[in-house]
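The values are calculated or read from the model by the stated rules, or taken from the named source; none is laboratory data. Predicted, not measured: the structure shown is a model, and the values here were computed from it. So basically every Cβ, Gly included, is an ideal-geometry build from the backbone, and we count neighbours across all protein chains shown. Side chains are part of the model used for accessible areas, which takes the heavy atoms of the whole protein and leaves out ligands, DNA and RNA. Shrake-Rupley method; radii C 1.70, N 1.55, O 1.52, S 1.80 Å.
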Amino acid sequence: MSGQTVSLVMAGSGGAGVVTAGSLLLEAAARAGWYAYMTRSSGPQIRGGEAAVMIRLGTEPIASHDDRFHLLVGVDWQNVGRFAAEIPLGPESLIIGDPGEGETPEVFVRSGAQQIALPMKALAKKVPDGRPNMVAFGAIAGMIGLTEDVVLGVLRDSLKRKGEEAIAASIAAFRAGVEAAADFPAVPRLPAGKSDTSERWSITGNEATGMGALRGGVRFVAAYPITPATEVLEWLAPALPKVGGVLVQAEDELASINQIIGGSYGGVPSLTATSGPGLALMTESLGLAVAAEVPIVVIDVMRVGPSTGIATKSEQADLNIAVYGLHGDAPHLVLAPTSVADCLFTTQWAVHLAESLQTAAIVLTDQAMGQARAVMPRSAAVSFIGQREKPAVLAEGVQYKRYANTASGVSPMAIPGMAGYTYTADGLEHNETGTPSSQASDHQAQLDKRLRKLIGYNYGDHWADITGDQDADTAILTWGSSAGPAREALERLRAAGHAVKLVAVRLISPVQPEKFAEALKGVERVLVVEQSHSGQFHRYLRAQYDLPRQVKALHHPGPLAVRPGAIVEHITQWS
Amino acid sequence: MDACVQQRDYTAKDYKSEVKPIWCPGCGDYSVLAAITRALAAMQLAPENVAVVSGIGCSSRIPAYTSVYGFHGVHGRALPVATGLKIARPDLTVLVTGGDGDGFSIGGNHFLHACRRNVDLTYIVMDNQVYGMTKGQASPTTEPDWEGSKLTPDGAGIESFHPLVVALAAGANFIARCSSSDPNNVADIITQAIRHPGFSLVQVLSPCVTFRPEQLEWKHMVRTAAVDVTEDAARAARRLMTDDGFNVGKVLYKGDRPAYQPEAKGAAAVADLEADFAL
């Protein structure tokens with residue numbers, strides 16, 4: 001990571017207010033001119049479960065969490081030990097705990113981190129209506145160098161509705177925390193940030209996905225709630241009507257995907273968002289969109305599977321179902337954003353591609369990326385707007401051929417209301433006019449055309465993010481949210497004098513063999529990095545591309561994130 | 001929209017395509033297809049402003065046999081496709097056609113929620129109490145003691161589903177039953193169904209002469225329902241729960257719920273939404 005960063009965790013039981021305090025801290029850091037990246041982890045309880053917010057702040061945009069956290073603050077320790085594996089600490093880390101809330105869990109103590117007592121509850125009690133989470137916030141703010149005026153501004157703005165007394169209580173508790181932590185051992189203090197933050201956003205991956213959909217032209221969304229995709233839909237629900245669109249809550253995922261197929265058949269770019277279990281239900285109808293050539297976009301915010309898995313935590317294991325889950329030969333698009341910010345671009349591009357190619361696009365994000373909040377540079381608008389090719393004026397007596405076997409494979413698409421172009425869209429195999437056909441020749445022609453339009457399309461340079469040393473003999477191949485730690489690993493490796501290249505694939509399907517070969521020219525060894533138990537991405541690359549002779553795979557299941565240090569270690573210890 | 005105003009009189013023929021149906025000779029669905037085209041002609045709807053949506057089954061083949069816009073999707077999902085289409089394109093007249101298996105078994109959940117959601121759709125179910133396309137299995141409306149299927153040789157053994165009672169309970173806004181033996185009446189009922197706002201269900205007794213040849217007798221068993229349309233749901237419930245399924249030719253219930261149609265009126269630019277993310 002270029003620039004300086006500090007990494008911290010606030011954890012506690014439900015009601016301890018760590019998510020509130022973490023959000024305030026993020027907001028204050030953003031106003032102080034720092035960049036930020038925050039993920040959340042929570043227990044399975046519907047309300048009131050243990051929660052942890054993991055925050056990394058820095059002077060440059062942040063792609064990933066660090067290998068270890070500098071600071072863990074336990075407002076209390078009830079069940080917080082369950083998160084231990086997600087909160088790596090080391091001897092250089094600090095653990096702040098409230099002596100009145102019991103012992104620090106053994107799993108954290110074993111890290112060798114220095115323990116410090118901060119009686120958050122007792123200090124909060126001294127303030128009328130004071131709360132321990134605000135004391136924790138004060139301690140952290142003081143230690144990392146957040147100035148009081150910035151924090152007070154955030155407290156005043158965010159607590160405005162609660163009234164002056166609540167603001168005063170929070171400020172007093174905050175100050176008590178700052179004061180109590182004045183003599184604590186040092187954690188990295190960040191230098192003052194840029195004062196002009198007008199070109200920065202605070203946005204989650206799921207919000208960015210929603211925004212990408214609207215920028216791409218989506219105006220109809222069908223929604224069925226599912227963790228961790230619901231926020232995409234909840235952001236779109238009030239946003240769509242403002243721009244002339246509509247969102248409908250469906251009765252299940254079978255309905256949501258078929259509703260968007262109906263909306264899109266009607267000429268309105270359409271999208272839905274779900275997670276693995278929902279995607280599994282949608283696969284039959286994804287095949288319908290492919291066969292009937294109706295453009296749709298399905299966002300899959302992946303979570304730990306199979307089955308219900310761990311609904312609140314992240315994994316990159318829906319790649320196989322996204323690529324191979326449809327019955328029959330059903331070429332379609334599979335894309336994956338490579339960062340929180342990229343959720344916006346990739347979703348917008350997916351809408352553009354689905355509309356241009358009249359097919360189904362699946363966008364694979366994940367819980368870590370979707371529910372992460374980043375303070376990042378504002379995402380510039382790009383000009384990808386969904387454009388369907390409409391039929392030209394027909395000569396007198398000529399019948400419109402909805403599925404015309406064109407050179408590009410894309411057949412101009414009429415929409416209801418256009419006189420003289422009526423046709424029936426069909427999931428049954430059909431001839432060029434759309435009439436059902438069981439003839440081998442029609443099947444062959446339509447299969448050829450549906451494949452041709454995807455493989456013949458020029459996807460430009462967007463198929464992958466390629467960074468690092470152009471002539472490197474070592475490359476890291478990755479996708480999705482594993483691209484974040486891979487970027488950081490690349491920077492560390494290059495800073496240490498290693499020549500390495502990073503290829504983060506955005507267009508998973510259709511494959512791009514020529515571009516891939518070009519990107520790997522001169523590369524002799526490849527490290528494949530992903531978050532899946534079976535190495536789905538590695539196996540996919542092996543099946544679809546020519547890889548160099550030396551290939552290693554770094555993969556493990558969720559919910560543990562791939563850490564940059566693990567990637568660095570694999571490369572540096574490769575002999 | 002590219003639609004141009006048509007200054008012509010449409011006849012039923014104008015709504016029929018050249019595609020020859022795959023149905024068996026004597027199938028009741030021929031007269032339902034004819035009735036649909038007559039209803040559209042009676043209303044003088046421009047073919048390009050009408051869409052017929054279906055799932056899978058013998059009667060679900062209807063879209064390709066019409067000359068309006070058609071959508072032939074997967075088994076059981078016609079109602080969601082039609083719902084999305086109508087909400088995205090409220091200017092269109094959207095009909096849904098299908099059978100008892102498609103609508104009440106694999107599509108049962110969508111049927112409940114389509115009644116409840118009350119989008120302005122007309123759902124025409126050709127009920128023959130059998131899966132015909134897969135060559136004769138018991139459907140949700142099959143009698144429990146029908147032993148004609150190799151799949152359930154001792155009969156289905158479970159009570160049949162009463163679609164009209166369920167539709168009423170779930171909130172359908174218009175409920176009618178008719179018989180394919182009287183296509184003019186079917187056309188008249190479909191016309192009324194299209195005109196009525198919200199979700200309209202038209203159950204058409206449409207015999208399967210191949211796998212349920214005994215249904216040839218239906219034309220002698222049906223009778224014109226000796227009732228007038230009611231707007232009282234409780235009365236309609238009593239009427240539907242006590243009849244034997246052969247009272248046809250009438251609208252049995254009409255509700256006054258407004259159709260569900262979320263408005264898409266906002267005219268803000270997408271860029272305006274960026275304010276959500278500004279610091």
**Asked** Once the Cα atoms of helix B:233-242 and of chain B are each reduced to a long axis, what angle between those two axes, in degrees from 0 to 90 to the nearest 10, is obtained?
**Response** 30
**Prompt:** Taking the Cα centre of region A:202-375 as the origin, how large is its charge dipole in debye, to the nearest 20, when only Lys and Arg (+1) and Asp and Glu (-1) carry charge on their Cβ atoms?
**Reply:** 420
**Request:** Give the long-range amide H neighbours of B:Gln129: residues separated by 5 or more places, or on another chain, with amide H under 5 Å away, using H modelled in the peptide plane at 1.01 Å from N.
**Result:** B:Asp100
**Asked** For a label point 7 angstrom out from the Cα of A:Trp574 toward its Cβ, which stretches of region A:504-522 have the backbone nitrogen within less than 11 Å?
**Response** none
**Nonlocal amide H pairs with A:Leu554, under 5 Å, H built at 1.01 Å** = A:Val528, A:Val529, A:Glu530
**Request:** Between B:Asp102, B:Asp29, B:Asp182, find the one with the highest GNM mean-square fluctuation for chain B; connect C-alpha pairs within less than 10 Å.
**Result:** B:Asp182
**Complete:** For region B:160-279, the per residue accessible area (1.4 Å probe, Å²) is 47
**Request:** Measure out, as a whole number of angstrom, how far apart the alpha-carbon centroids of region A:322-337 and region A:198-233 sit.
**Result:** 22
**Relative packing of A:556-562, A:56-62, which averages over residues the other C-beta atoms within 10 Å, highest first** = A:56-62, A:556-562
**Request:** Considering only B:Cys24, B:Cys115, B:Cys208, give the residue with the highest GNM mean-square fluctuation for chain B, with springs between Cα atoms whenever their separation is below 10 Å.
**Result:** B:Cys24
**Fill in**
Scalar couplings 3J(HN,Hα) for region A:170-176 by Karplus 6.51 cos²θ - 1.76 cosθ + 1.60 (θ = phi - 60°), nearest whole Hz, x for Gly and Pro, are 5, 5, 5, 5, 4, 5, 4
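Exactly which chymotrypsin sites (Phe, Trp or Tyr not before Pro) in region A:119-219 are in a DSSP loop and have at most 16 other Cβ atoms within 10 Å?
Numbers: sites: A:Phe137, A:Phe174, A:Trp201; in loops: none.
Passing both the DSSP loop test and the Cβ count: no residue.
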**Fill in**
In terms of the charge dipole of the protein assembly as shown, which places +1 on Lys and Arg and -1 on Asp and Glu at the beta carbon, the residue among A:Gly112, A:Ala504, A:Thr20 farthest towards the positive end is A:Thr20
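Any of A:Lys515/A:Lys552; B:Lys13/B:Lys86; B:Lys219/B:Lys254; A:Lys160/A:Lys313 with alpha carbons more than 29 Å apart? Name them for me.
Numbers: A:Lys515/A:Lys552 21 Å; B:Lys13/B:Lys86 25 Å; B:Lys219/B:Lys254 26 Å; A:Lys160/A:Lys313 33 Å.
Long pairs (Cα-Cα over 29 Å): A:Lys160/A:Lys313.
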**10 Å Cβ neighbours from other chains, averaged over peptide A:201-212** = 2
**Prompt:** Nearest 10 degrees, 0 to 90: what angle lies between the long axis of helix A:276-292 and the longest principal axis of chain A (Cα atoms)?
**Reply:** 20
**Prompt:** For region A:462-572, with the dipole built from +1 on Lys and Arg beta-carbon atoms and -1 on Asp and Glu ones, taken about the Cα centre, which of A:Pro557, A:Leu493, A:Leu547 lies farthest toward the positive end?
**Reply:** A:Pro557
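Would you please classify the overall shape of region A:303-402 from the alpha carbon gyration tensor, given that a ≥ b ≥ c denote the square roots of the eigenvalues, rounded means a/c under 1.5, and beyond that prolate means a/b larger than b/c while oblate covers the rest? Provide the component values of the computation, followed by the final result.
Working: a/c = 4.49, a/b = 1.60, b/c = 2.80.
Oblate shape, in that a/c is at least 1.5 and b/c is the bigger or equal ratio.
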**Message:** At a 10 angstrom cut-off on C-beta neighbours, averaged per residue, how do the peptides B:168-179, A:337-348 rank from highest to lowest?
**Reply:** A:337-348, B:168-179
**Item:** For a label point 7 Å along the Cα-to-beta-carbon line of A:Thr406, residues of region A:444-463 with backbone N under 18 Å
**Value:** A:445-459
**Fill in**
Once phi for every residue in region B:209-216 is put through the Karplus expression 6.51 cos²θ - 1.76 cosθ + 1.60 (θ = phi - 60°), the whole-Hz ³J(HN,Hα) values, with Gly and Pro written as x, are 6, 8, 9, 10, x, 4, 6, 4
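Roughly how many Å² is the accessible area per residue of chain A, as a whole number, for a 1.4 Å probe? Provide the component values of the computation, followed by the final result.
On the way: 21160 Å² over 575 residues.
Normalised by residue count, the accessible surface of chain A is 37 Å².
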**Request:** Give a residue-ordered list of calculated ³J(HN,Hα) values for region B:83-98 (Karplus: 6.51 cos²θ - 1.76 cosθ + 1.60, θ = phi - 60°; whole Hz; x for Gly, Pro).
**Result:** 4, x, 5, 5, 5, 6, 9, x, 6, 8, 8, 10, 10, 10, 10, x
**Fill in**
Heavy-atom accessible area of region A:132-264 with neighbours in place, 1.4 angstrom probe: carbon+sulfur share in percent works out to 51
**Request:** Identify the GluC sites (Glu not before Pro) of region B:182-258 meeting these criteria: DSSP loop state and at most 14 other C-beta atoms within 10 Å of the C-beta.
**Result:** B:Glu231
**Prompt:** On average, how many beta carbons from a partner chain sit within 10 Å of the beta carbon of a residue in A:480-487?
**Reply:** 0
**Request:** Could you tell me which of rounded, prolate or oblate describes region A:202-375, using a ≥ b ≥ c as the square roots of the eigenvalues of the alpha-carbon gyration tensor, with rounded for a/c under 1.5 and, failing that, prolate when a/b is larger than b/c and oblate otherwise?
**Result:** rounded
**Estimated [θ] at 222 nm from DSSP helical runs (n ≥ 4, -39500 (n - 2.57)) normalised by residues in chain A, nearest 500** = -10500 deg cm²/dmol
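Past the 21 Å Cα-Cα mark, which pairs from B:Lys135/B:Lys250; A:Lys453/B:Lys20; A:Lys449/B:Lys16; A:Lys401/B:Lys20; A:Lys401/B:Lys16? Spell out each step's value before the answer.
Numbers: B:Lys135/B:Lys250 31 Å; A:Lys453/B:Lys20 31 Å; A:Lys449/B:Lys16 29 Å; A:Lys401/B:Lys20 18 Å; A:Lys401/B:Lys16 17 Å.
Distance filter (> 21 Å) returns B:Lys135/B:Lys250; A:Lys453/B:Lys20; A:Lys449/B:Lys16.
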**Item:** Nitroxide proxy distance, nm - points 7 Å out along Cα→Cβ at A:Ala419 and B:Arg116
**Value:** 4.2
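Nearest 5 percent is fine: what portion of the DSSP beta bridges confined to region B:14-276 is antiparallel?
Working: 6 of 35 bridges.
Looking only at bridges with both residues in region B:14-276, the antiparallel portion is about 15 percent.
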**Fill in**
Interface A-B: total buried accessible area (1.4 Å probe, Å², nearest 100) of 4400
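Placing +1 at every Lys and Arg Cβ and -1 at every Asp and Glu Cβ, with all other atoms neutral, what dipole size does chain A have around its Cα centre, in debye to the nearest 20?
Working: 47 positive and 57 negative charges, 106 e Å.
So the dipole magnitude of chain A works out to roughly 500 debye.
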**Asked** Over what distance in Å are the Cα centres of region A:379-423 and region A:36-76 separated?
**Response** 48
**Request:** For A:Asn320 and A:Glu165, compute 0.36 nm times the residue count separating them, minus their Cα-Cα distance, and round to one decimal in nm.
**Result:** 50.4 nm
**Request:** Obtain the nm distance between the two label points defined at A:Asp129 and A:Ile385 by a simple spin-label model: each point lies 7 Å from its Cα along the Cα-to-C-beta direction.
**Result:** 4.9
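Which trypsin sites (Lys or Arg not before Pro) from region A:188-222 combine a DSSP loop assignment with at most 13 other Cβ atoms within 10 Å?
Values: sites: A:Arg189, A:Lys194, A:Arg200, A:Arg215, A:Arg219; in loops: A:Arg189, A:Lys194, A:Arg219.
Those that pass, being in a loop and sparsely packed, are A:Arg189, A:Lys194.
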**Prompt:** What whole number of Å gives the distance from the Cα centroid of region B:109-143 to the Cα centroid of region B:213-231?
**Reply:** 18
**Asked** Which angle between 0 and 90 degrees, to the nearest 10, do you get for helix A:253-265 versus the longest principal axis of chain A when only C-alpha atoms count?
**Response** 50
**Item:** For residues of B:257-270, the mean tally of beta carbons on other chains within 10 Å
**Value:** 4
